[in-house]
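Right, one structure below, let's go through it.
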Amino acid sequence: MAARGVAGKETGKKHVLTEADQKTFHYVYGPYAAPTLTVDPGDTVVVETQDAFGGAIKSESDKPSEKTNHPYLNPQSGPIFVRGAKKGDCLAVHIKAVETRGPQPAGTTCLIPEFGGLVGTSMTATLNAPLPEIVKKVVIDEKGVHWDNLILPYEPFIGTIGVSPQIEAISSLQPDYHGGNMDLPDVRPGAIIYLPVHVDGALLFVGDCHATQGDGELTGVAMEQAATITATVDLIKDWTFAWPRLETEDFIMTIGSARPMEDAARIAYRELTRWMATDYGFKELDAYMLLGQVGRVRLGNMVDPKYTMGASILKKYVGG
């Protein structure tokens, strides 16, 4: 699909958006913030992002409840205005690199009261007492993520990325049709994420990078890190759809976010069925039956206001 981009094989300019350039980070996706950067299709952006806590948790003695101000979490860089982008188009973001930045220990994870997959929350209310607040700071280097005597693989990805909705203002903590806080590990270097455009310029936001994360982001907090993202932004004219899509060397994926979790899976599988029918020559019901045999689902998060699921199929089955 990337071959359909406006830029084609043309190499555009390189833009750098530092933390100092950004000045004010955003906690809402919407059409109301002035662009921080303007680019053309085919341009490459190098963006410095803060971690999910805005750098507020500096030591293991810090308490998240005292150092952070919910819901001011997941600070977003941008928005980035893409010239020529109109409603009905698609933004194609080719993720080139996600690199750890800042002083060591660069990784932060923690337990936050009434937040996580195995505790009572404001949305799943119980009488159980909240778990204690625990912060873990770890070194991230070329060897991996240093967890006590273990070295976990360094598998960086972008936890929160998306474009502006047409009219809503949606928290950077929530995933939806615009993208947002999907926490899907497949949004990683080497992948292309496709985001349907809803407003002029698309208005791309990005932040909340993770060094590693298990499926579901079980505790609600991955290995959070400040990062430098490198991505090439292209535009596909007159190609639109309802929910974000993703492509890697090996598979295509569609992404749905909803509660209950099975509705997120339904959205993702429905969109994948339709993608196979419109772009890969399948009859819709044949695609549906094939996915019953070889489809795969990936749980992005099970902790946010909506849950995220990715449905995928290997390219070898669709001729891609």
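The values are calculated or read from the model by the stated rules, or taken from the named source; none is laboratory data. Source: prediction; values computed, not measured. So basically every Cβ, Gly included, is an ideal-geometry build from the backbone, and we count neighbours across all protein chains shown. These area figures cover heavy atoms from the full protein model, side chains too; ligands, DNA and RNA do not enter into them. Shrake-Rupley method; radii C 1.70, N 1.55, O 1.52, S 1.80 Å.
Listed values, structure above:
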item	result
Residue within the range 135-152 that is outside any loop (DSSP other than H, G, I, E, B), at pLDDT below 95 and under 22 Å from the mean Cα position of the chain (by Cα) present	no
Within the range 23-57, tally of residues that are assigned to a loop (DSSP other than H, G, I, E, B), more than 17 Å from A202 (Cα to Cα) and open to solvent by less than 40 Å² (accessible area, probe 1.4 Å)	9
Any hit, the range 117-126, residues being at pLDDT 95 or above, open to solvent by less than 50 Å² (accessible area, probe 1.4 Å) and on the phi < 0 side of the Ramachandran plot	no
So Y307, is it hydroxyl-bearing (S, T, Y), touching a Ser or Thr at 6+ places or on another chain (Cβ under 8 Å), modelled with pLDDT of 95 or more and surrounded by 21 or more Cβ atoms within 10 Å (Cβ to Cβ)	yes
Hits in the range 169-212 (condition: assigned to a strand (DSSP E or B) and of a type outside the set (A, V, I, L, M))	S171, P175, D176, G179, G180, Y194, P196, F205, G207, D208, C209, H210
Long-range neighbours under 8 Å by Cβ, at least six apart or interchain, first residue part of a loop (DSSP other than H, G, I, E, B) within the range 229-248, second at pLDDT below 95	K237/V6; W239/M1; W239/R4
Matching residues, the range 288-303, being among the β-branched types (V, I, T), under 22 Å from R259 (Cβ atoms) and at pLDDT 95 or above	V297
Failed item in (1) in contact (Cβ under 8 Å) with a residue 12 or more places away in the chain; (2) open to solvent by 90 Å² or more (accessible area, probe 1.4 Å); (3) under 21 Å from D51 (Cβ atoms); (4) not small (G, A, S), with H70 passing the rest	(1)
Number of the exception - Q213 against (1) open to solvent by less than 10 Å² (accessible area, probe 1.4 Å); (2) under 13 Å from the mean Cα position of the chain (by Cα); (3) on the phi < 0 side of the Ramachandran plot	(1)
From L235, L173, residue being more than 12 Å from the chain's Cα centre (by Cα) and under 26 Å from A33 (Cβ atoms)	L235
